[in-house]
Amino acid sequence: MTEEHLDRMVRDADPYRPDLLGHLDGAEQTLLEEIMSEPTPAAVAEPPQPRPRPRRATVRRLAGVFAAAAVLTGALVLPGLLRADPDGDRSAPAAGAQDPAGDPSAPAAGAPVRYSPVALKAAEENPRLLIDQPGWRATTVYGFAEQQGTIAFRNGDRELEMNWYPAEHYDTFRADRLDVSDPEPVTVDGWPGELFTYQADDFAVMLRPRDGVFVELRGGVGRRADFDRVLARVVRADVRTWLAALPPEIVTPDRVDARAAAVLADVPLPPNFDQAALASLGTNDAYQFGAGVTSKVGCGWIAEWLRADRAGDEAARRRAGEALRSSHNWRVLHEMKDEGDWPEVFWEIADKVAAGEVPAGYAQGLGCH
């Protein structure tokens, strides 16, 4: 990892969680310091200091694993396929719109999409924002713990990130942003907010609290005129339009079983592993889903190692150690290596436990609950 990557991580923290890192030492602490940048709900009240935001994400951030069980939420571009309804929300795809190609869960042409009541309820409770403009695509989805989450959209080298938090923290965040610049009033699809200028090509918009949350949009899309043009295409969608826009690479609760089966194909499962509990991970991109699944597996094997150690069950302890060491061969972790440091964190902790040394902060490091 380069110095530039590390600098990006530090600047992008929003906010930073030193309280979690303080429990780790050695390699685990160093690696977690590099990747932990998204707050859990308890930390949201402390906003980051104003600072420039880099243009391109060079390393993926791990967030959802360290938060409470996530619920479904997300957003994706549906370029040019949204039309307005009387209340201002874009309610349905235009005629001829189809689900993304290659989605194994996509219905036959003309067949209605069936979403679970849980998925619909969760979508109702979160901002449902899309960018109705060709070329934009949601690439990063994570951290959806109730009223908190992040979606990043990309279009070439341009990026717009949307973060939302509980409304109770709006005043604290706004006070911080007032140190950046004087606010300018703006609206996003009828949702009032304020724009803050970090630099001539770096802007943030805080939308006022609504339905228990507030949203901040920020990213590198060019000069002010470019940013304004993108904002003008950010729209609110009804639940079914919004859910239908999620691409096949985003893992929603309706896709968890199939994706989990692929992730776990070569992963030994600990005793009493509850695969149904993976639905609690909510909506994630492939990286975050892989981290969430392997977190639960790793935590389960460490719990079994600790149980066997206390009981003097040497055979069970040996099995747990072998399972943890085998993580170096798990396909999912190797697929994640180039995107972020979760595999390295996992392997560091797993190797120590397998060798008989349980790190004091392993629960924080792996997101065990």
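Return the residue satisfying two criteria in turn: it lies in region 355-369 and is in contact (Cβ under 8 Å) with a residue 40 or more places away in the chain and over 19 Å from Leu281 (Cα atoms), and of such residues it is surrounded by the fewest Cβ atoms within 10 Å (Cβ to Cβ). Looking at the filtered set, the residue picked out is Ala360. When you look at Asp171, is it open to solvent by 20 Å² or more (accessible area, probe 1.4 Å), out of contact with any Cys (no Cβ under 8 Å at 6 or more places or on another chain) and farther than 27 Å from Ile250 by Cα, yes or no? Taking the combined requirement at face value, the residue satisfies it. Only residues that are closer than 15 Å to Gly222 by Cα, out of contact with any Phe, Trp or Tyr (no Cβ under 9 Å at 6 or more places or on another chain) and surrounded by 16 or more Cβ atoms within 10 Å (Cβ to Cβ) were counted in region 190-201, giving 1.
For Val186, the stated conditions hold: it is of a type in the set (A, V, I, L, M), open to solvent by 10 Å² or more (accessible area, probe 1.4 Å), under 21 Å from Gln133 (Cα atoms) and in a strand (DSSP E or B). For Asp226, the stated conditions hold: it is charged (D, E, K, R) and open to solvent by 30 Å² or more (accessible area, probe 1.4 Å). So which of Arg210, Arg236 ends up being modelled with pLDDT under 95, open to solvent by 10 Å² or more (accessible area, probe 1.4 Å) and within 14 Å of Tyr170 (Cβ to Cβ)? Just one listed residue meets the conditions, Arg210. Residue count for region 247-286, restricted to those that are of a type in the set (Ser, Thr, Tyr) and open to solvent by less than 20 Å² (accessible area, probe 1.4 Å): 2. Inspection of region 331-349 finds a residue satisfying the criterion of being surrounded by fewer than 22 Cβ atoms within 10 Å (Cβ to Cβ), under 29 Å from the mean Cα position of the chain (by Cα), part of a helix (DSSP H, G or I) and aromatic (Phe, Trp, Tyr). If you go through region 252-286 and keep only what is assigned to a helix (DSSP H, G or I) and of a type in the set (Asp, Glu), you end up with Asp254, Asp257.
Of all positions in region 287-310, none carries a residue that is in a loop (DSSP other than H, G, I, E, B) and open to solvent by 10 Å² or more (accessible area, probe 1.4 Å).
The values are calculated or read from the model by the stated rules, or taken from the named source; none is laboratory data. Keep in mind it's a predicted model, so treat the numbers as computed, not measured. Positions of Cβ are backbone-derived with ideal geometry, glycine not excepted, and every protein chain shown enters the neighbour counts. All accessible areas refer to the heavy atoms of the entire protein, side chains included, with ligands and DNA or RNA removed. Shrake-Rupley method; radii C 1.70, N 1.55, O 1.52, S 1.80 Å.
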